[in-house]
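A short worksheet on the structure shown next.
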Amino acid sequence: MTLNEIAINRLINQQISNPKLKTPQEVLEWMGAIQAQDYAMSKLAIGIRLPNNAFDKQIEDDLNNGKIIRTHLLRPTWHLVSADDVRWMMQLSAPNLNKSVASMNRSLGSDETVLKKSNSLIRKLLEKNEILTREEIMNELNKKGIATNDLRASHIMFRAETEMIVCNGERVGKQLTYALFDRKVPAAKPLQKDEALARLAEKYIQSRSPVTIKDFVWWSGLNVSDAKKAFEMVKSKFISSIIENEEYWTNETDNLKTNKDDSVYFLPAFDELIISYKDRTATIEAENQAIAFTKNGIFYPTIIYNGKVIGTWKKVSKGNETEILPSFFSSLTESQKKKYKTAETKLKLFYK
C-alpha cells in the first residue's frame, strides 16, 4: 500500500468519501469522538460525514437534546461524542486528563480540597438551574470564597467535566452553557478498563484505518503500554501490514479499495482526517504542513483532492449569503475547478 492509497482509504473509512451513515449520532458512534474546541467547525466535521446534506441546525438540535455531548475527552481538549459512549470513554480518559493538569492546578492553588468544594457547589447550582453559563457559575463560586481568576475558572470546569458533573447545555444566543451531566446523559453500566480499551481501539482503527500505534497514542491520550494492550486485544479483527517501514493496522477491506478519489472535499478546522494521526504526510505534503497547521496546534480549514490537501479556505458571511474564500497551493486544472464548484455548493448548503 502506497502513501496515496493510505490517504484514500482514510477518506473512505472516515466517512468523507461515499459516507454510509444516516445521523449525527451515528457518525460519532463510528468515529468515537471528534475534536471540538472550534464549536462551529466541529459541527461541520459531522456534516461532511453524512450523505444527506445535514444542516448546521440539525446538529445543533442534537447537541441541545443530548444525543451529542461536548466535553473534554482523550487528549486534554474539547470533543464531541455520542451520549451512548461518553460515560465509559470519560471513565477511561479522566485519570490521564486529571494527571495532565495536576501540576497547573497546584500552581494555581486549586488543590483537591478546593476542587472537591467547587464540584459540590457546581452540582447544587445545576440541580437548581437547567443551564448556566460559565460566568454565572464562577460568580456563585466567588460568593463562596473560591478564587476563579487567571486560569482557575477553566481548570475548575475541567475537573467538573472529568468527574461527569457537567457537560454542554443548550446554547443561549451565542453563549455556550453547562448542564448537569446526569440529567442529560442516560445512566449506563461502567465498563472494566480492558473492555473500554478494546472498544476505543476498535472504534479508532475501523474509522481511521490505516493507522499505527503511534497514531493511536497521540489521538487517545493513552500511554504506550495501554495503547499496545488495546491493539493486542482487537488485533484478530484487523490486518497488520508493514508500509514505509512502519506497522499499520488496517480493515480487511482496505486493500480492495480504490487508490483514486477525484472529488473535492472541504474539511473544517481541526478535522479528524488530519488531526487523528501523529504522522500526517499521507494527507499533507511536508512542504505544505506549515500552511495547514501551526506548531502550537492550530489546524486550519483545508481543501482535499484525491486524498491530498491542496489548499485552505475560510468562510465569510455577507448578509444572508455565505462566501467561501479559497487559497490553493497551486493552480487548479479545469477538471478540478468543476469538482471544486460542486463541493462549494454542498458546503454552502450546510449553512442554510
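The values are calculated or read from the model by the stated rules, or taken from the named source; none is laboratory data. No experiment lies behind these values; they were computed from the predicted model shown. Counting neighbours? That spans all protein chains shown, and the Cβs are built from the backbone with ideal geometry, glycine included. When the accessible area is computed, the model is the full protein with side chains, heavy atoms only, and any ligands, DNA or RNA have been set aside. Shrake-Rupley method; radii C 1.70, N 1.55, O 1.52, S 1.80 Å.
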Leaving ligands, DNA and RNA out of it, report the carbon-plus-sulfur percent of the accessible area of the chain at a 1.4 Å probe. 50
I want to check the label-to-label distance for ALA187 and LYS235. Put each point 7 Å from Cα in the C-beta direction and report it in nm to one decimal. 4.0
Could you work out how far the C-alpha centroid of the range 298-344 sits from that of the range 108-153, in angstrom? 43
For the chain, modelled as a GNM with alpha-carbon contacts under 10 angstrom, which of ASP38, ASP84, ASP150 fluctuates the most? ASP150
Helix 152-162: inclination vs the chain longest Cα principal axis, degrees, rounded to 10, gives 80
Given points 7 Å out from each Cα along the Cα-Cβ axis, report the ALA286 to ALA102 separation in nanometres with one decimal. 3.8
Which option, (i) 30, 59, 11, 0; (ii) 26, 54, 19, 1; (iii) 29, 57, 14, 0, is the value of P(r) over Cα pairs in 20 Å bins from 0, in percent that was calculated from these coordinates? (iii)
Pairing the Cα long axis of helix 193-208 with the longest principal axis of the chain, what angle in degrees results, from 0 to 90 and rounded to the nearest 10? 30
With a 10 Å cut-off between alpha carbons and a GNM built on the chain, which of ARG152, ARG106, ARG280 moves the most? ARG106
Please compute the per residue accessible area over the chain with all protein chains in place, 1.4 Å probe, rounded to a whole number of Å². 47
With an 8 Å Cα cut-off and a minimum separation of 6 or more residues, compute the relative contact order for the range 193-352 in percent. 19
Please determine, in degrees from 0 to 90 and to the nearest 10, the orientation of helix 86-108 with respect to the longest principal axis defined by the Cα atoms of the chain, where the helix direction is its Cα long axis. 70
Structure-based [θ]222 nm, the chain - -39500 (n - 2.57) summed over DSSP H runs of at least 4, per residue, nearest 500: -14000 deg cm²/dmol
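Given the pairs LYS57/LYS143; LYS22/LYS124; LYS20/LYS352; LYS228/LYS339; LYS116/LYS193, which are separated by over 29 angstrom at their Cα positions? Display every interim value, and only then the final one.
Numbers: LYS57/LYS143 37 Å; LYS22/LYS124 38 Å; LYS20/LYS352 23 Å; LYS228/LYS339 41 Å; LYS116/LYS193 24 Å.
Where the Cα-Cα span goes over 29 Å, the pairs concerned are LYS57/LYS143; LYS22/LYS124; LYS228/LYS339.
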